[in-house]
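Working notes, beginning with the structure itself.
The values are calculated or read from the model by the stated rules, or taken from the named source; none is laboratory data. Everything quoted here is computed from the prediction, not taken from an experiment. Cβ sites come from the backbone with ideal geometry, for glycine too, and all protein chains shown count toward neighbours. To get the accessible areas, we keep the full protein, side chains included, count just its heavy atoms, and leave off ligands, DNA and RNA. Shrake-Rupley method; radii C 1.70, N 1.55, O 1.52, S 1.80 Å.
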Amino acid sequence: IKLVLNAIAVIITARLLPGVHLDGYLAAFMLAGLLAILNASVKPVLVFLTIPATILSLGLFLLVINAFIIEIAAWILRPDFDVASFWSALFFSIVLSIINSIFERLTVKPEHRKDNVQVFDKDGNRIA
């Protein structure tokens with residue numbers, strides 16, 4: 001289900017941004033899967049290698065890493081997915097993150113906690 005939601009988010013994001021070209025629904029599913037693979041394999045290495053830059057930029061360099069991941073995906077899926085520039089990739093990654101977080105918020109149910117609260121009066125007797 002998460003891959004389907006990511007593909008929907010990719011389609012929405014590609015339609016919102018002018019510098020991004022996505023060629024169909026199959027390309028959106030391929031991009032969603034490829035981004036999942038790249039975020040699980042390449043991104044941790046990039047984050048580790050750029051720790052000094054990330055610290056100096058107070059974490060803003062992570063946006064550059066996300067844009068670079070989008071550029072790699074565009075290079076792999078070149079005829080079906082293309083971004084016009086680095087800035088398009090940067091805005092694509094930001095908007096995609098926002099839409100994915102909205103989808104996550106709408107689909108994930110909050111944990112129901114079981115309250116085992118016991119109330120006592122001033123004498124130590126349990127109430128209810």
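Taken over the range 7-45, the criterion of being over 16 Å from the mean Cα position of the chain (by Cα), over 15 Å from A73 (Cα atoms), part of a helix (DSSP H, G or I) and aliphatic (A, V, I, L, M) is satisfied by L16, V45. Would you tally the residues in the range 1-46 being over 17 Å from A67 (Cβ atoms), buried (at least 19 other Cβ atoms within 10 Å of the Cβ) and in contact (Cβ under 8 Å) with a residue 60 or more places away in the chain? Counting residues in the range 1-46 that are over 17 Å from A67 (Cβ atoms), buried (at least 19 other Cβ atoms within 10 Å of the Cβ) and in contact (Cβ under 8 Å) with a residue 60 or more places away in the chain gives 1.
So, of the residues in the range 1-42 that are of a type in the set (D, E, K, R) and closer than 14 Å to L96 by Cβ, which turns out to be modelled with the lowest pLDDT?
Step one: filter the range 1-42 for residues of a type in the set (D, E, K, R), giving 2, 15, 23.
Adding the requirement that they be closer than 14 Å to L96 by Cβ leaves 2, 15.
Numbers: K2: 90, R15: 96.
If we take residues in the range 1-42 being of a type in the set (D, E, K, R) and closer than 14 Å to L96 by Cβ, then K2 is modelled with the lowest pLDDT.
When R105 is tested against (1) at pLDDT 85 or above; (2) of a type in the set (D, E, K, R); (3) open to solvent by less than 90 Å² (accessible area, probe 1.4 Å), just one condition goes unmet, and that condition is (3). Any chance the range 79-86 includes a residue that's modelled with pLDDT of 85 or more, open to solvent by 60 Å² or more (accessible area, probe 1.4 Å), in a loop (DSSP other than H, G, I, E, B) and farther than 16 Å from P18 by Cβ? Checked against the condition, which is being modelled with pLDDT of 85 or more, open to solvent by 60 Å² or more (accessible area, probe 1.4 Å), in a loop (DSSP other than H, G, I, E, B) and farther than 16 Å from P18 by Cβ, the range 79-86 yields at least one hit. Answer yes or no as to whether L58 is over 26 Å from L106 (Cβ atoms), of a type outside the set (F, W, Y) and part of a loop (DSSP other than H, G, I, E, B). So L58 passes the test.
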